Amino acid sequence: MATVQHRPHEQRYVLLDDEAEIGEEKYVDAGDERVLFHTVVSEDHAGKGLASVLVRGAVDDLIASGLKVVPVCPYVKAWLPKHPEYADHVVAPTRAHVRAIAQQGS
């Protein structure tokens with residue numbers, strides 16, 4: 001069974017299957033908002049709904065931490081409208097959010 005683990009020191013959530021890392025969700029924090037910008041699941045595990053498990057785990061964790069979700073990743077952008085129970089916790093991405101992602105890489 002796949003589990004989601006938060007690794008704040010790496011600014012990412014990881015998807016684990018029997019302790020093996022099979023996916024990740026990268027983020028950057030911008031005040032009280034968490035910008036989700038990259039979702040990936042290994043090709044060996046693609047097509048099994050595991051990206052949804054990963055995103056749900058990340059979103060549940062950030063909401064529990066009192067943060068809002070900013071969907072920049074195309075997968076997260078597509079996933080959130082299918083899960084309207086999270087609508088009150090979503091903030092539309094702005095140029096400032098995109099700059100925050102760019103600054104993380106520098």
- line: For region 1-23, the count of residues that are in contact with a Leu (Cβ under 7 Å, 6 or more places away or on another chain) and buried (at least 16 other Cβ atoms within 10 Å of the Cβ) equals 6
message: All but one of (1) within 22 Å of E85 (Cα to Cα); (2) free of Cβ contacts under 8 Å to residues at least 40 places away in the same chain hold for G23; state the number of the condition that does not hold.
response: (1)
- request: List the number of the failed condition for H9; all other conditions in (1) part of a helix (DSSP H, G or I); (2) modelled with pLDDT under 95 hold.
  value: (2)
- request: Would you be able to say whether some residue in region 58-65 is touching an Asp or Glu at 6+ places or on another chain (Cβ under 7 Å) and under 23 Å from R7 (Cα atoms)?
  value: yes
query: Among the residues of region 25-70, how many are part of a strand (DSSP E or B) and over 8 Å from the mean Cα position of the chain (by Cα)?
result: 10
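The values are calculated or read from the model by the stated rules, or taken from the named source; none is laboratory data. Just so it is clear, the model here is predicted, and its values are computed rather than measured. Cβ: placed from backbone, ideal geometry, glycine included. Neighbour counts: every protein chain shown.
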